[in-house]
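Reading through the structure tokens given below for one structure.
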Amino acid sequence: MEFQLIDYRNGIHAFDAGYVRHQLAAIHLIVDHGRAAFIDNGSNASLPRAQRALTELGLTPDAVDYVIVTHIHLDHAGGSGAYMQAFPNAKFVVHPRGARHMIDPTKLMAATEEVYGRETARSLYGELTPVPAERVIETLDGMVLKLGQRELAFYDSPGHAKHHVFIHDRTANGIFTGDTFGISYRECDVAGRPLLMPSTTPSQFDPVDLRDSVERMLMLDPDSVYLTHFSRLTPPRELAGQMLRRLDDFVGIALKAKQAGGDVLANTKSAMARYFLTEARAHGVTLPDDEILTLWHMDIDLDSQGLVIWAQG
């Protein structure tokens, strides 16, 4: 994948993590007065891209003050230990529920293998490097960190995961949403309009908490939201309405499958595939059905697992 550093002209930059396919996972890099912070990091394989981004901006590894993760799912945090080795001055910023699993990632990797399967998980993430405990900052709800002259405020945002935070860059008035604001499938953009779906992956999905977290973001009246999948979207309020409508539809699919009995997971997956195609067509996507389903195959599987775990809980 060709490297491209996106400059949003507000101190925020983004580049593709090189995770699975182009424009699936973004890594964001904030720079202020010569100090830098990465938000989310994909996998170990993204580190050379992070180093190149710094070089293009005229920065050295010791300029990195923070390696921040919105949550510890490995498509967001898999490269954390490698980043901490590469950036000697950096502190690692993570929700308290996630800190111990980054310090000792044994259980985290085991849980990832359970969701993805061992072979796929190892192929995606390789060996996880532990983060040194003495370099960890655990977030507190409402906590503010200074990066150069700007303030980064951290807020708990459960719903996708209990160990999830979002980060409000007060200078740019942008929010880094992780997975709380859903996933934007750029291959399905139509006339500049993104197609945004919730992320309901296992195993801590809760629709009430997720809605509350999105509403909490909107209360800050951000100019833009920066999704890990995939980067800047605007206007936030209109897009949130679309995503939350689809969240209600996801929940309805899972509850209907549960009430019908039989193989609840298989029935949920089938209904989710039909729903994705229906929404894509309504959005104006003209890709063939098989291309759409190939793009969404993993998400349909994982989202269905999360929905069924919640519905049967």
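I'd like the full set of residues that are farther than 29 Å from residue 182 by Cβ and either among the charged types (D, E, K, R) or outside any helix (DSSP H, G or I) (or both), limited to the stretch 24-56. Result: 33, 34, 35, 56. Checking the stated criteria, residue 174 turns out not to satisfy the condition of being touching a residue at least 24 places away in the same chain (Cβ under 8 Å), under 25 Å from residue 275 (Cα atoms) and surrounded by 20 or more Cβ atoms within 10 Å (Cβ to Cβ). Screening 60, 55, 70 for residues that are among the hydroxyl-bearing types (Ser, Thr, Tyr), within 18 Å of residue 145 (Cα to Cα) and assigned by TED's automatic domain parsing to the domain that holds residue 40 leaves exactly one candidate, 70.
Scanning the stretch 233-247 for residues that are touching a Ser or Thr at 6+ places or on another chain (Cβ under 9 Å) and either on the phi > 0 side of the Ramachandran plot or surrounded by 15 or more Cβ atoms within 10 Å (Cβ to Cβ) (or both) yields a count of 4.
Taking the numbered list (1) within 16 Å of the chain's Cα centre (by Cα); (2) surrounded by fewer than 23 Cβ atoms within 10 Å (Cβ to Cβ) in turn, residue 191 passes all entries but (1). With the requirement that a residue be under 27 Å from residue 120 (Cβ atoms), in contact (Cβ under 8 Å) with a residue 12 or more places away in the chain and not in a helix (DSSP H, G or I), what does the stretch 240-297 give you? Once the filter is applied, which keeps residues that are under 27 Å from residue 120 (Cβ atoms), in contact (Cβ under 8 Å) with a residue 12 or more places away in the chain and not in a helix (DSSP H, G or I), the stretch 240-297 yields 285, 287.
One residue alone among 94, 144 is surrounded by fewer than 23 Cβ atoms within 10 Å (Cβ to Cβ) and either more than 17 Å from the chain's Cα centre (by Cα) or on the phi < 0 side of the Ramachandran plot (or both), and that residue is 144. Scanning the stretch 147-171 for residues that are surrounded by fewer than 22 Cβ atoms within 10 Å (Cβ to Cβ) and touching a Phe, Trp or Tyr at 6+ places or on another chain (Cβ under 6 Å) yields a count of 1.
Which residue is surrounded by the fewest Cβ atoms within 10 Å (Cβ to Cβ), if the candidates are limited to the stretch 5-23 and must be part of a loop (DSSP other than H, G, I, E, B) and in contact with an Asp or Glu (Cβ under 7 Å, 6 or more places away or on another chain)? The extreme case among them is 22. Scanning the stretch 196-210 for residues that are outside any loop (DSSP other than H, G, I, E, B) and under 14 Å from residue 254 (Cα atoms) turns up just one, 207.
The residues of the stretch 177-188 that are more than 14 Å from the chain's Cα centre (by Cα) and either surrounded by 24 or more Cβ atoms within 10 Å (Cβ to Cβ) or among the hydrophobic types (A, V, I, L, M, F, W, C) (or both) amount to a single one, 188. The listed residues are 250, 230, and the only one of them that is over 17 Å from the mean Cα position of the chain (by Cα) and buried (at least 20 other Cβ atoms within 10 Å of the Cβ) turns out to be 250.
The values are calculated or read from the model by the stated rules, or taken from the named source; none is laboratory data. Only a predicted model underlies this, so the values are computations on that prediction, with no experimental measurement involved. Backbone-built Cβ (ideal geometry, glycine too); neighbour counts: all protein chains shown.
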